[in-house]
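Undergrad: Here it is, the structure, as structure tokens.
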Amino acid sequence: MKPFDVTALGELLIDFTESGLSPQGNPLLEVNPGGAPCNVLSMLQNLGHRTAFLGKVGQDSFGNLLTEAVERRDIETRGLLHDSEVHTTLAFVHTLPGGDREFSFYRKPGADIRLSEADLDRELVQGCRIFHFGTLSLTDEPARSATKAAVRLAREAGAILSFDPNLREPLWDDLEAAKAQIAWGLSQCHILKISDNELLFMTGERDFASGAARLKAQYPNIRLLNVTAGPDGSHCFYGDRHLFAPGLRVRTIETTGAGDTFCACVLHDVLERGLDGRTDESLLAMLRFANAAAAIVTTRKGALNSMPTREEILSLLEA
């Protein structure tokens, strides 16, 4: 037994989300704790798992707010450090018609990219069943080297490696560099959650089956590959099988955190059932549960503090 089910490394930041207009007609922005890796851990906490986070925030009011938010979720925070020289990273989220988003970042630099290899709590990295990472920690040094060192340590300790590209184009000076770092992540992981637009970005394929086939041929280390397609649903590619579960129709407010919620539910399923010998029935159940959880999050603002409970997910599935 390892002390943690899932350890995640990466960004912890403030999402400023739209919240109507002031009496003077000015846009109001709501401060929401966010960052994909911690969103994943927050959902896993709701499902009864033990989680830990590695990252860095500023030694400022936003950093303190984020630390308190993560602690309230009972996520282990001894790997969360505070930088006295660089401020906490900020993201401004503009919601488009239909609930999709555009992002603007204040991160040149931000505290999250100052995480170094020397900062890593090795016990948190080596003491988990699943190690989860994305690409926002791969955009710049020293966080890039820290991420790669953590992945190496987790693999050596026998952890399952989970990867979500989570492409945010404004954070990359060069999209070819983004493609190269995503390719590195693909070469490391056992579980991949990738969105439809990221699959197109990496393979040039609009057909999900063709794109997944290309990735599986190029990266045979990937054992479970899931493609999310927003409200249309999700696809699972496992061995030579392709399964699909349609999305659930809900009143979407915004889509922040939906992919992270889906990813967390997949990791929950793997923790419960493993990666080997999966049946079509079990994989479809995984997709349906993850789709329902992601759908619920889109009906709420924010992500880290808005994750659904198991009971809410099952209630939607039974409706």
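Derivation of every value follows stated rules applied to the coordinates shown; laboratory data play no part. Since the structure is predicted, the reported quantities are computational estimates derived from the model, not experimental observations. Neighbour counts run over all protein chains shown; Cβ positions are idealised from the backbone, glycine included.
Undergrad: If the requirement is being outside any helix (DSSP H, G or I), touching a residue at least 40 places away in the same chain (Cβ under 8 Å) and within 18 Å of Leu41 (Cα to Cα), which of these qualifies: Phe131, Phe103, Phe163? It would help to see each step written out before you state the result.
TA: Numbers: Phe103 fails: within 18 Å of Leu41 (Cα to Cα); Phe163 fails: touching a residue at least 40 places away in the same chain (Cβ under 8 Å).
Just a single option satisfies the conditions, and that option is Phe131.
Undergrad: Please name all residue pairs, on different chains or six or more residues apart, with Cβ atoms under 7 Å, provided the first residue is in region 12-34 and is on the phi < 0 side of the Ramachandran plot and without any contact (Cβ under 8 Å) to a residue 12 or more places away in the chain and the second residue is in a strand (DSSP E or B) and not hydrophobic (A, V, I, L, M, F, W, C).
TA: Leu21/Pro27; Pro27/Glu18; Leu28/Ser19; Leu28/Gly20
Undergrad: Pull out all pairs, ordered by first then second residue, where Cβ-Cβ is under 6 Å, the residues are six or more apart or on different chains, the first lies in region 217-232 and is assigned to a loop (DSSP other than H, G, I, E, B), and the second is polar (S, T, N, Q).
TA: If the second residue must be polar (S, T, N, Q), the pairs left are Tyr219/Ser187.
Undergrad: Let me ask you something else. Among the residues of region 171-213 satisfying the criterion of being out of contact with any strand residue (DSSP E or B) (no Cβ under 7 Å at 6 or more places or on another chain) and of a type in the set (Phe, Trp, Tyr), which is nearest to Ala264 (Cα to Cα)?
TA: That would be Trp184.
Undergrad: Six or more apart or on different chains, Cβ under 7 Å: which pairs go from a residue in region 279-300 that's of a type in the set (Lys, Arg) to one that's in a helix (DSSP H, G or I)? Could you list them?
TA: Listed pairs, sorted by first residue: Arg288/Leu317.
Undergrad: Could you tell me whether Glu272 is among the charged types (D, E, K, R) and over 20 Å from the mean Cα position of the chain (by Cα)?
TA: no
Undergrad: Within region 74-100, how many residues turn out to be without any contact (Cβ under 8 Å) to a residue 40 or more places away in the chain, in contact with a helix residue (DSSP H, G or I) (Cβ under 9 Å, 6 or more places away or on another chain) and either of a type in the set (A, V, I, L, M) or closer than 30 Å to Gly48 by Cβ (or both)?
TA: Initially, region 74-100 is screened for residues without any contact (Cβ under 8 Å) to a residue 40 or more places away in the chain, giving 74-75, 77, 81-87, 96-97.
Then drop every residue that is not in contact with a helix residue (DSSP H, G or I) (Cβ under 9 Å, 6 or more places away or on another chain), which leaves 74-75, 77, 81-83, 85-87.
Checking the rest, the ones that are also either of a type in the set (A, V, I, L, M) or closer than 30 Å to Gly48 by Cβ (or both) come to 74-75, 77, 81-82, 86.
Number of matching residues: 6.
Undergrad: Hey, another quick one. Being touching a Pro at 6+ places or on another chain (Cβ under 8 Å) and more than 17 Å from Ser104 (Cα to Cα) is true for just one of Gly134, Gly158. Which residue is that? Give the derivation first.
TA: On the way: Gly158 fails: touching a Pro at 6+ places or on another chain (Cβ under 8 Å).
The unique qualifying residue is Gly134.
Table: residues versus (1) among the basic types (Lys, Arg); (2) touching a Gly at 6+ places or on another chain (Cβ under 6 Å).
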{"position": "Leu28", "(1), (2)": "no, yes"}
{"position": "Ala36", "(1), (2)": "no, yes"}
{"position": "Val57", "(1), (2)": "no, yes"}
{"position": "Arg73", "(1), (2)": "yes, no"}
{"position": "His87", "(1), (2)": "no, yes"}
{"position": "Ala91", "(1), (2)": "no, no"}
